[in-house]
Each structure stands twice: as structure tokens, then as C-alpha cells.
Amino acid sequence: MTEGGKFRRGRRWLAGIAAAVLILLAVVVGVARLLLPMAPEYQDEIRRIASEATGFDVRFGRLSATWPISGPEIQLYEVRIATLDGGHPVLAAGELSVGVSLWQLIVEQRLRPGRIAVSGASMRIEHLPSGEWQLNGVPLDKLLRQPSDPEMPRLDLRLEDIALVAVDPARLESTVKLHVEQCDLNLAPDLVRIKAHFNGEDGLGNSIELTGELPSGLLRQRLNSGTQVAQSTGPAVDWNLNVAGKDLDIARWLRVVVNQPVPLMSGRGALELNAGFSGTVPREISINMALGPTRWAGLTDTQNNYQSLNLRGPWVGTSDGWEATLGRFAAERDGQVAPAATGRLRFTRATKDPASIEAAASALRLQDLWPVLRSFASSGLQHEVLPALVQGTVDNLQLSASLPADAPPTYKVEAKFRTRCQDAGARLGSGRRVWQLERQ
């Protein structure tokens, strides 16, 4: 037989096999669709199976079953999940659906859920002074039963219309309330991908979007932080998170994240934050923030006259240090908008040579930047060391510094600026000057 004949014969075989598979699937789907309407007749049996599989008392008002393209699915309505010992409520949801993973059923020959969706539920996560975490009053370690398979299962999880309350009395912001419009989690052995849209309650902000991916191993370590977990010895996994929101209470979100007082006392606006990591080490961070009126700690009412602040810039980690770029810094004060400032700062850590710093800046208005920087200082520095007011515009700033470990630092600064500095009535310098400062 010629090569062409063999090829045509093989192609016919493949076509026949494909047709047989399609016919078999059509028969299976057809039979399943005939049987699925009978599911409500087996509610008691389904309750028993669900309770045995989860270790909780699972109850529901009614159920239905469908077979979408992704595979067979059962929908439970008016769901109530409670502990078997004591009947303490764990979760109440308007609807819970579970779909079978056809891929694992056909290829891996395992009957496992491939899709789970929960809607119309309330969740309260609380961190007690003892260190214990609870979900709706039930200890988290009772809910997270250790599976026999150490890998994260392949599962698509969707949360809709979820009222979420996080409580930790030990934190500066002890209570955070969110309403999750929709959250899609794609779980896999290597990465967990997330896409969420939620709103903050109590004025935290609206239209918050969260997207990205998280290493499954890192997530499992966090969930099992109270137990002995084997540390991963493989290479660090690259991952990222992106957050964007409108009309956010930036000052309060900062307190939520860092858990300590911050210089920004009040300020609302829009935020875009993109962060990349390698394992637990940050690789790059990019921020784009536009604030409305703000109030800063340690400033007088006269100085606290910022109508708007705009900040944009990336930070990138390198093999020998990091580099930060000020893409834009602009402030509106007393109805006047200044030209946007730009700058760059690079730090190189010590290897064979001393550590070093290089910086450059242009159109940097000190009267706009100084009050913000001064608010980060302690009250002692503010009253005894730092001047209350620094004015001027810095252009062509060039700074280079060497930071040897066993000797004083050396530096060189060149700048062109118009400046005025006053403190307690004293005024030092005015006019247009080019300053050079060098220490060796």
C-alpha cells in the first residue's frame, strides 16, 4: 500500500473513532437529561450523601438538576449548613450549585465536583485574641479538614451576592465590611486565579476590582498556618495581584493594610495598584492614584489645603537592588495646579563595591511635597528639627551617594532651584540659584 493510501486509511479510522465518541457522548447526555428531572425524588438520599461527604449537616428547601455544556449540575436552594455536633450554623445561602468535572470523570476516572457556586450568603470571619480564626462562629480548623490528597484540587468556585464581615479586635481597624458582587476562583495544583468585583461598606469605596493569581502552595501554607506544613523546596513561583477602585477611602484602607497610624488622616479617590512577586519577595509595584481633598497629620489648617493630589510611578526590584520612578506628582492647592514633577531613585546594594544611591528629579515643588514628607516624621522631629515651611521649585536635581559599610557616606548633589525656607519667622535665602554640594 502506498504512503498516500495508508494516510487516507488512517484518517478514516480517526474519523470513525471521533464519530463513535460523539455518538456515545450524545447517548450519555440524552440519558442523563432524562434522569436528571427525577433528582428531586431523592432529596433525602442527596442530603445523606452531602452530609457524609462534608462532615456537616446539610439541609435545603428544594433542588433541581440541569446538564449545561460544562457537565451535569445540581442546584440546591434555601441551603442551611450546620455542624453535626451541636447543630451550630455554619452557612446559610440562597442557592448552592455543584457541577461534576467531566474531564476528571472521563480522563482521570474520578467523580469529583468541578464547579461550585454560592450566592445569597453572609460570612463573618473573626480573629480571636487567642489566635484562633472562626467562620460564622465555628473554628476554622474544624472547617478545613485535611484532605488525603496534598494537592489543591482543580475546581471553579463562584461567589455571588456575599455579605462579608472581617473582625479582629487587635487591629487598628477592627471591623471591615464588604459586599462581594461576584468572585471567581479557579483552583489548580499550581496557581489559584482570582477575579472579583466588590464594594466596601461604611464608606470604604465602590467598584473595587481584584484580579491576579496566587501560588497554591503559598495559599495552603496560609490556610494551614496553625499546623505543621512542609515547606516547598522548588523554585519561587512568579505571581501578581491587581487592584482598582473608585471613590475609595484611601486613608482608611492604608490603616487596614499596614495596621498602624498613617500620616494621611483623610482622603478619598481612585486607585490602580499592580504588584508582582516571586514567592514572597516583591518584584515590581506600580501605583496610579488620584486623590481629592486630603488632610495630613502634623499640618496646620493653612497647610492642609490640598484640593487634589495625583501620584503615578513604578517600583522595580533588580538583581542588585531596586529602582523607583516618579512618573507624576502634581498637587492642586488654593485653586492652583502646579506642573507635574518627575523623578527617579535607584538603590544598589553592596556586593564587592559599597552600596550606592542615585537620584534625579525635575519640576519638584518643595512647598507641595514638603508638608506631605514632614507629616511622616515624628512629632519631636517636626517641632525641634524640621522647618515648618520649605518653598521652591527644584530642577535638574542630580544626586549620587556611596554608602560603604566601614566608613562615612560620601555624596554629591547638584540642583537648580528657586527656594525659600522659613521656620519660626527666620528666612534663609531667596532667588534663582544653582547649588552644588559635595562630601568626600
For the range 416-428, does any single residue satisfy the condition of being at pLDDT below 85 and not in a strand (DSSP E or B)? yes
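Residue-wise test of (1) at negative phi; (2) part of a loop (DSSP other than H, G, I, E, B); (3) at pLDDT below 90; (4) not polar (S, T, N, Q).
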{"position": "91", "(1), (2), (3), (4)": "yes, no, yes, yes"}
{"position": "108", "(1), (2), (3), (4)": "yes, yes, yes, yes"}
{"position": "166", "(1), (2), (3), (4)": "yes, no, no, yes"}
{"position": "176", "(1), (2), (3), (4)": "yes, no, no, yes"}
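Here's the yes/no breakdown for (1) modelled with pLDDT under 80; (2) among the hydroxyl-bearing types (Ser, Thr, Tyr):
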position	(1), (2)
338	no, no
346	no, no
351	yes, yes
360	no, no
368	no, no
375	yes, yes
394	no, no
408	no, no
411	no, yes
Here the qualifying pairs (Cβ atoms under 8 Å; residues six or more apart or on different chains; first in the range 334-353 and of a type in the set (Ser, Thr, Tyr); second part of a loop (DSSP other than H, G, I, E, B)) come out as 342/363; 348/320; 351/320
Scan of the range 275-310 for residues that are closer than 13 Å to residue 333 by Cβ and of a type in the set (Ser, Thr, Tyr), ordered by number: 294, 302, 306, 308
Residue 311 being within 23 Å of residue 415 (Cβ to Cβ), in contact with a Ser or Thr (Cβ under 8 Å, 6 or more places away or on another chain) and either of a type in the set (A, V, I, L, M, F, W, C) or surrounded by 16 or more Cβ atoms within 10 Å (Cβ to Cβ) (or both): no
Pairs only if they're at least six apart or on different chains, beta carbon under 8 angstrom, first in the range 393-410 and more than 24 Å from residue 370 (Cβ to Cβ), second assigned to a strand (DSSP E or B) and of a type in the set (A, V, I, L, M); list them, first residue then second. 402/355; 403/355; 403/357; 404/355; 405/355; 410/401
Test result for residue 315, of a type outside the set (Ser, Thr, Tyr), within 22 Å of residue 245 (Cβ to Cβ) and in contact (Cβ under 8 Å) with a residue 24 or more places away in the chain: yes
Does at least one position in the range 294-315 carry a residue that is over 26 Å from the mean Cα position of the chain (by Cα), at pLDDT 90 or above and closer than 28 Å to residue 401 by Cβ? no
Residue list for the range 316-327, filter: among the acidic types (Asp, Glu) and either under 17 Å from residue 388 (Cβ atoms) or within 24 Å of the chain's Cα centre (by Cα) (or both): 323
Among what's in the range 281-313 and is touching a Leu at 6+ places or on another chain (Cβ under 7 Å) and β-branched (Val, Ile, Thr), pick the residue that is farthest from residue 387 (Cα to Cα). 287
Under 6 Å between Cβ atoms, at least 6 apart or on separate chains: pull out the pairs that start in the range 379-390 with a residue that is modelled with pLDDT of 75 or more and end on any residue that is assigned to a helix (DSSP H, G or I) and surrounded by 10 or more Cβ atoms within 10 Å (Cβ to Cβ). 390/366; 390/370
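The values are calculated or read from the model by the stated rules, or taken from the named source; none is laboratory data. All figures in this text were calculated on a predicted structure; none of them were measured in a lab. Using ideal geometry, Cβ is built from the backbone for each residue, glycine included, and neighbour counts are taken over all protein chains shown.
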